[in-house]
Amino acid sequence: MKKRNRILVVEDEEAIRTGLADVLVYHGYEVDQAATGPDGLRKALSGKFDLVLLDIMLPGMDGYAICNAIRENDRRQPVIMLTAKTSDEEIINGLKLGADDYVGKPFSVQQLLLRIEAVLRRSPAGEEQQRTLWLGELSIDTENLSGRRGDETLTFTRREIGILQYLAANSTRPVPREELLLKVWGYARNLDIETRTVDIHMAKLRRKIEPDPKAPVHLVTVRGAGYRLMSDD
């Protein structure tokens, strides 16, 4: 469907570092780790990561110096700073150096995941992923409402593209029909709306994107929960 985003976790406390790595892997990210400032900087400058989660208090080199060095090398590299220091001065200093966001410890996992998703969406890689969706051998150009599988060309409606983009952005879970009506159709209240319209759109999409619409492998129904767009991992 789309490549998994790679995240570098630079954190010297092993329990926090490995805990973050486990959570991120569970939510579909590829993760590498660094426990010291110099190792974190070396990996961050490799160009292999879509986002760097960067602690400030690190042995050998602090997070501010690392963030500054990253920005001198690549102004577009997404960076989120993690720290127990949450004073306005510390936050302003980190943001002045070019951090995209700043999360204070302790933080909830859900809050951090939302911050990561928001930063990645604004990144060049995120913008490119939003333009092109991959489902097996099928590539979908969301801007031009078209797709290609080998020599076959497909066309999509704007609504169909909206459904696929929303499901792709939430691919770690099934999305209920009511949520699709709210977020894709734009209904402010959907309790009285017949959700059959969602099912009809899904059936049409399957005829376009599935090798066998009667046995879907990309756009699957999760009984009692909604629809989910599956990756090929």
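The values are calculated or read from the model by the stated rules, or taken from the named source; none is laboratory data. Quick caveat, the model's predicted, so the values are computed rather than measured. Please note: Cβ atoms are built from the backbone with ideal geometry, for glycine as well, and neighbour counts cover all protein chains shown.
One table, with the values for the structure above:
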| item | result |
| --- | --- |
| Flag for Asn144 being within 22 Å of Tyr26 (Cα to Cα) and either surrounded by 15 or more Cβ atoms within 10 Å (Cβ to Cβ) or modelled with pLDDT of 85 or more (or both) | no |
| Subset of segment 154-164 that is under 15 Å from Arg206 (Cα atoms) and surrounded by fewer than 19 Cβ atoms within 10 Å (Cβ to Cβ) - its residue that is nearest to the chain's Cα centre (by Cα) | Gly162 |
| Helices (runs of 4 or more DSSP H) enclosed by segment 1-90 - at least 2 residues per element that are among the β-branched types (Val, Ile, Thr) | 14-26, 63-73 |
